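Student: Just passing along the structure, written as structure tokens.
What follows is calculated from the coordinates using simple rules that are stated; it is not laboratory data. Just so you know, these numbers come straight off a predicted model, no measurement behind them. Cβ: placed from backbone, ideal geometry, glycine included. Neighbour counts: every protein chain shown.
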Ligand code: RNT
Ligand code: ZN
């Protein structure tokens, strides 16, 4: 089937493929830099990811420094259509040769090389404090620590990060998402569940005190992590209530951070009743918060459907969050980002108006019939047309380029 034929088939259901392509093209996806180096960063040379997050796998070719990470990201970006942002963590500070600065004293200048990179290639930037993989995480705690030296260190880090994000936003003439996630919690049954949360609340109040007009602030909840099974300070209720009572702070939903029978696709329309922005971490949790590479699976499509059919493309900030060290990392970026975009396109090509009408008139048989028929509409032809217009490979041939890159670049790394 050709694109023109697919366009006609969609038109029969009142769906305009050209409009869908326009919407897809204008929606930026924030691609996380940390898939490229297994969440190691540039400021903790001996360690990998720690404190509740970890990568598994030993595929060769991990990016070991700024130059390698940039090159790998660019390779992936060249195979991904549409608008792209790069999501940075504070641990990706770029130091002068011989320089090392701890996280509470980082400055904007350490991220200027990233801003230059973003400007050169037309990427947006998003930012995150890195409150993990660091010796100042004491007893698994950061912003909720009872040790005031520890808590102050991380408050200072988070305040610095907002200032850095503000300057990045000013330099790019853009809004920068600055998302706070902390690993704080306990492996075993806590004796005090309230104290840590009150301390976290106080830390957040200090962190968000300064106005930063180019920053979109968010907080990210979690259920549990390895070694943090019994209690998580920054739980869903805690952060949702914090965001709801602090205008300008948003609740970030990571779809790996809920009980396996809970769905972020259902949380999006709940939050849309109250918030004008919902930042997302789109991931693929396999049985738990495993951060597998995003695939175009049922829940991904359902998440995208909730964004599209509620007219929330501007309100929902789509960011990715996965890290797989068991496969080619550049391919992981390309697969995951293209999957997210395919899911979005799929959602943009649904007969939403007709389906809603069925629901509101109680015609549930027709609703089910139409939903099922819509599953096999020719989305592939529209996707390929999109890739052709964007000048990126439309089909699996993109993988040949990654293999070539692996042969000439990645495999040469020690
Ligand atoms: C951890 C959170 C957090 C991190 C990144 C690296 O469970 O999902 O978002 O994955 O910030
Ligand atoms: Zn996340």
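Student: Using a simple spin-label model with points 7 Å from Cα along the Cα→Cβ vector, what separation in nm is obtained for residue 139 and residue 13?
Tutor: 5.6 nm
Student: Place a point 7 Å from the Cα of residue 411 along the Cα-to-Cβ direction; which residues of the stretch 54-87 have their backbone N under 14 Å from it?
Tutor: 60-61
Student: Picking from 148, 25, 400, which is most flexible by a Gaussian network model of the chain using Cα springs under 10 Å?
Tutor: Evaluated over the chain, the most mobile residue of the options is 400.
Student: Note down the nm distance, to one decimal, between modelled labels 7 Å out along Cα→Cβ at residue 361 and at residue 396.
Tutor: 4.3 nm
Student: Here is a further query. Only bridges whose two residues both fall in the chain count here: according to DSSP, what percent of them are antiparallel, nearest 5? Intermediate values should be presented prior to the final figure.
Tutor: On the way: 5 of 30 bridges.
Of all bridge pairs located within the chain, approximately 15 percent are antiparallel.
Student: Taking the 0 to 90 degree range and rounding to the nearest ten, how far is the long axis of helix 112-121 tilted relative to the main principal axis of the chain, both from C-alpha atoms?
Tutor: 10 degrees
Student: Sticking with this one: Report the gain in length on full extension from residue 4 to residue 206: 0.36 nm times residue separation, minus Cα-Cα distance, nm rounded to one decimal.
Tutor: On the way: separation 202, 0.36 × 202 = 72.72 nm, distance 5.63 nm.
67.1 nm is the gain from fully extending residue 4 to residue 206.
Student: Which order do 189, 159, 278 fall in if you start with the one that has the fewest other Cβ atoms within 10 Å?
Tutor: Numbers: 189 9, 159 18, 278 26.
Neighbour counts put them in this order, fewest first: 189, 159, 278.
Student: Given the options 263, 386, 59, state which has the largest fluctuation in a GNM of the chain using a 10 Å cut-off (strictly under) for Cα springs.
Tutor: In the Gaussian network model the winner is 59.
Student: Still on this structure, I have one more. Given C-alpha coordinates of the stretch 1-147, what is the ratio Rg to Rh with the Kirkwood estimate of Rh?
Tutor: Working: Rg = 20.1 Å, Rh = 18.0 Å.
Ratio of gyration radius to Kirkwood radius for the stretch 1-147: 1.12.
Student: Taking the mean number of other Cβ atoms within 10 Å as a proxy for protection, how do you rank 168-174, 279-285 from highest to lowest? Numbers along the way, then the final one.
Tutor: Working: 168-174: 17.0, 279-285: 23.3.
The peptides rank, most packed first, as 279-285, 168-174.
Student: In addition: Please report how far the C-alpha centroid of the stretch 64-117 lies from that of the stretch 246-305, rounded to the nearest whole angstrom.
Tutor: 26 Å
Student: Follow-up. Taking the Cβ of each residue in 91, 158 as the centre, tally the other Cβ atoms inside 10 Å and list the residues starting with the fewest. Please report the intermediate quantities before stating the final value.
Tutor: Values: 91 24, 158 28.
Starting with the residue having the fewest Cβ neighbours, the order is 91, 158.
Student: Which of 208, 95, 376 moves most in a GNM of the chain, Cα contacts under 10 Å?
Tutor: Largest GNM mean-square fluctuation: 376.
Student: Go ahead and run the numbers for FRET between residue 369 and residue 83, Cβ-Cβ distance against an R0 of 56 Å, rounding to 0.05.
Tutor: Working: r = 36 Å, r/R0 = 0.64.
About 0.95, to the nearest 0.05.
Student: According to the Cα gyration tensor, what semi-axes, each the square root of 5 times an eigenvalue, does the equivalent ellipsoid of the stretch 95-225 have, listed from largest to smallest in whole Å? Could the numbers behind the result be given before it?
Tutor: Values: eigenvalues 165, 52, 33 Å².
Equivalent ellipsoid of the stretch 95-225: 29, 16, 13 Å, largest first.
Student: Between residue 237 and residue 22, 0.36 nm times their residue separation minus their Cα-Cα distance comes to what?
Tutor: On the way: separation 215, 0.36 × 215 = 77.40 nm, distance 3.67 nm.
Fully extending the segment from residue 237 to residue 22 adds 73.7 nm.
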